[in-house]
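Colleague: Input: one structure, supplied below.
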Amino acid sequence: MRLSWFHYVSFVLISAPQLADANAQSDTTISNDTILEVENCIENTAAVFSDGTECMGIIFKACEHHDRSTYEIAHCLRLERDYWLSKVDLYAQRLTEHFEAEQRTSVTGKSLAKSLETSQETWREYYEGVCDFEHDFVGNGSMRLTKSAGCERDFAGERALYLYEVLNRGS
């Protein structure tokens, strides 16, 4: 049975301090420079009317080396996925707080905070279902790990960028 994203994130967060190398950037952490590069990329997407997808892959490129195994490549993809999932949670929380503070509702009177909560739950189910299918469909071998990890990274990144755009629409 495959671990859910929650179990994997918990493992990484618990294990990261023990795995970090004091003399070099560890493969279980993201450098501050890389995070700053991604954050700047995200902030600049609105200025250039971009969907922000060019921001996806920055963390992977900083982690990935050409002589890596597929297991290590999958690890780098999941490291980036974890970053994007943290942004999904942050942006959803900020939107919920904004909608609740303004008591925002849809034209039908439904709470936008509740609507966002439903949207998040539906997105997570879809995201997990599609990426589980990707993992299972590829079959045996290590390539299934990179295929499903790439799927997870892409879904998380796209959702985070979408929520960021909604958060910054100014409405």
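Colleague: Do you know which of the residues in the range 150-171 that are in a helix (DSSP H, G or I) and hydroxyl-bearing (Ser, Thr, Tyr) is farthest from Asp132 (Cα to Cα)?
Modeller: Once the filter is applied, the top-ranked residue is Tyr164.
Colleague: Let me ask you something else. When residues of the range 39-62 are filtered for being open to solvent by 20 Å² or more (accessible area, probe 1.4 Å) and either free of Cβ contacts under 8 Å to residues at least 60 places away in the same chain or part of a helix (DSSP H, G or I) (or both), how many remain?
Modeller: Selection size over the range 39-62: 15.
Colleague: Still on this model: Regarding Thr108, is this residue assigned to a loop (DSSP other than H, G, I, E, B) and either β-branched (Val, Ile, Thr) or within 16 Å of the chain's Cα centre (by Cα) (or both)?
Modeller: yes
Colleague: Here's a follow-up. Exactly one of these conditions fails for Glu158: (1) at pLDDT 90 or above; (2) open to solvent by less than 40 Å² (accessible area, probe 1.4 Å). Give me its number.
Modeller: Failed condition: (2).
Colleague: Determine, yes or no, whether Leu167 is within 25 Å of Thr45 (Cα to Cα) and not β-branched (Val, Ile, Thr).
Modeller: yes
Colleague: Being open to solvent by less than 80 Å² (accessible area, probe 1.4 Å) and over 21 Å from Ile58 (Cβ atoms) narrows it down to one of Ser148, Ser106, so name that one.
Modeller: Just one listed residue meets the conditions, Ser106.
Colleague: To continue, here is another question. If His65 satisfies all but one of (1) under 20 Å from the mean Cα position of the chain (by Cα); (2) not in a helix (DSSP H, G or I), what's the number of the condition it fails?
Modeller: Failed condition: (1).
Colleague: Within the range 123-135, is there a residue that is more than 20 Å from Ser50 (Cβ to Cβ), small (Gly, Ala, Ser), in a helix (DSSP H, G or I) and modelled with pLDDT of 90 or more?
Modeller: yes
Colleague: Tell me, which residue of the range 82-103 that is within 30 Å of Ile30 (Cβ to Cβ) and polar (S, T, N, Q) is least open to solvent (accessible area, probe 1.4 Å)?
Modeller: Among them, the one singled out is Thr96.
Colleague: State whether one or more residues within the range 136-149 are of a type in the set (S, T, N, Q), assigned to a helix (DSSP H, G or I) and in contact with a His (Cβ under 9 Å, 6 or more places away or on another chain).
Modeller: Yes, because at least one residue in the range 136-149 is of a type in the set (S, T, N, Q), assigned to a helix (DSSP H, G or I) and in contact with a His (Cβ under 9 Å, 6 or more places away or on another chain).
Colleague: Of the residues Ser106, Ser69, Ser119, Ser86, which is modelled with pLDDT of 90 or more and over 23 Å from Glu43 (Cα atoms)?
Modeller: Unique residue meeting the criteria: Ser119.
The values are calculated or read from the model by the stated rules, or taken from the named source; none is laboratory data. Note that the structure is predicted; figures quoted are calculated from it, not measured. Using ideal geometry, Cβ is built from the backbone for each residue, glycine included, and neighbour counts are taken over all protein chains shown. What goes into the accessible areas is simple: the full protein's heavy atoms, side chains included, and nothing from ligands, DNA or RNA. Shrake-Rupley method; radii C 1.70, N 1.55, O 1.52, S 1.80 Å.
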